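Let me begin by presenting the structure, written as structure tokens, before commenting on it.
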Amino acid sequence: MSSPKKKIKLDHTETVEDHFSVLPHNILVNIFKYLDFKSVYSCSTICAALNKASNENVLYEKVKFKYNMDKNLLMNYLTKLNNPKHFEVQYRFCYNDSDLQEEDEELFNEYVKEVLIKFNEHFVSIHFENCRNENILELIGNCTNLKDVTFFQCKGSFQFLTNLTNLSHIELVQCFISNQAVIDCLERNSSLKKLYLSSNSHVMASEVCESLAKYNINLENLHLAERTAVRPKGFRSLGRCFKLKSLEMSAGLHHSDPEDALEHIAAGCPRLEKLVLYGWKKITDDKLMPILHSCTQIKELDFRDVNITIKSCKEAALSLPLLKYLDVFKCNRIKNNEVIKLQQDFKDIIINSKKT
């Protein structure tokens, strides 16, 4: 029979300060890296050790403002900033302009503006959500060292994008932005590596593809899921982006026949590692064969809701030595027993299907 465990006697005279004072300074700082500013600020009032750790500049390289932060918190946040690199701003979601409460946002905008003006040369990345203030957005144009920009559900002219010429990553999701603003931005950023466009108003997907082939041939990652269709000419032109590693394309609301576009992709993009063709009803087995035979670096294929048969799946498994993942969800021409047999023959490949 095992002996009973000894009970640990706690010294109730110890304080919180006693516990934290014995921890190394760098450990406290590393803990704070996982907390938001509100939590860090609260901790800084507990004891001298936590207060000292809360003042480390490394904690404020990434700044995050949210619409529901109170005035005192924002003021204290500003006092901590010295050399911020990343700025994330989240406004309250508004379905339309009539939902905006200007009085509530006016003070918040002042703090956002102060950060953009004071540290514009420091920022390398910016992430804005639900911003509809043109004056705020224009100030981003002064952050000329930006490499990475993300805008989610923002509305404006986006003319400030023409001032940014060092971008390597652009992400626009559900934004009210003109097609010309996107094209102008692509033209001024020849070093662009990653472009993510999804469900934006007025963006013409085919024209974007043609612009990429003209101005951004060093592009490595493209995600294009706009409401407008990618026409064969636009799709075909992507074959000039010879460094493409990841290509994710949605057919849009209007399905179009890619014609010989995939042949051009196969010939021009030998480094392709990931290919997603979602909802392209007019892509058939024959149209896919050039890709499956030429792009031997492919590791991931996503053919959800594409009009292919098990023939393409078998060819992919046989021709692509690095293939690890194959998605054929909603491919209705592929039968259940065919998927099961393929998975048995190629156990190293993960096959996703509604039939399994």
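Ranking Gln153, Ser256, Leu59 by how far each Cα lies toward the positive end of the dipole of the chain (charges on Cβ) leaves Ser256 at the top.
A straight chain from Asn26 to Phe152 at 0.36 nm per residue would run longer than the Cα-Cα distance by 41.8 nm. Computed per residue of the chain from DSSP H runs no shorter than four, each worth -39500 (n - 2.57), the mean residue ellipticity at 222 nm is -10000 deg cm²/dmol.
Measuring nothing but how far apart in sequence close Cα pairs (under 8 Å, 6+ apart) lie, relative to its length, segment 77-189 scores a relative contact order of 22 percent.
Surface calculation, 1.4 Å probe, protein heavy atoms: Lys282 sits at approximately 100 Å² accessible. Rounded to the nearest 10 degrees, the inclination of helix 102-118 to the longest alpha-carbon principal axis of the chain is 90 degrees. Taking the 1.4 Å solvent-accessible surface of segment 123-255 as the whole, the part contributed by carbon and sulfur is 46%.
(i) 134; (ii) 215; (iii) 145: which one is volume of the Cα convex hull per residue in Å³ as calculated from this entry? Here the calculated entry is (ii). The order of Tyr60, Tyr34, Tyr215 by accessible area, most exposed first and with a 1.4 Å probe, is Tyr34, Tyr215, Tyr60.
Which log10 I(q)/I(0) values does segment 217-356 give at q = 0.18, 0.21 Å⁻¹ under the Debye formula, counting every alpha carbon as one identical point scatterer? Each listed q maps to, in turn, -0.98, -1.33. A 1.4 Å probe, protein heavy atoms only, puts the accessible area of Glu61 near 80 Å². Take the chain with all the other protein chains still there, run a 1.4 Å probe, and you get 52 Å² of accessible area per residue.
Spin-label pair Leu318-Gln180: with each label point 7 Å from Cα along the Cα-Cβ axis, the two points sit 5.3 nm from one another. Please identify which residues in segment 126-170 have an amide N closer than 19 Å to a label point set 7 Å out from the Cα of Ser201, following the Cα→Cβ vector. From segment 126-170, the list is 128-138, 151-161.
The values are calculated or read from the model by the stated rules, or taken from the named source; none is laboratory data. Quantities reported herein were computed from a predicted structural model and do not represent experimental measurements. Glycine also receives a Cβ, built like all others from the backbone with ideal geometry; neighbour counts cover every protein chain displayed. Each accessible area value is taken on the protein alone, full model and side chains, heavy atoms only, with ligands, DNA and RNA left out. Shrake-Rupley method; radii C 1.70, N 1.55, O 1.52, S 1.80 Å.
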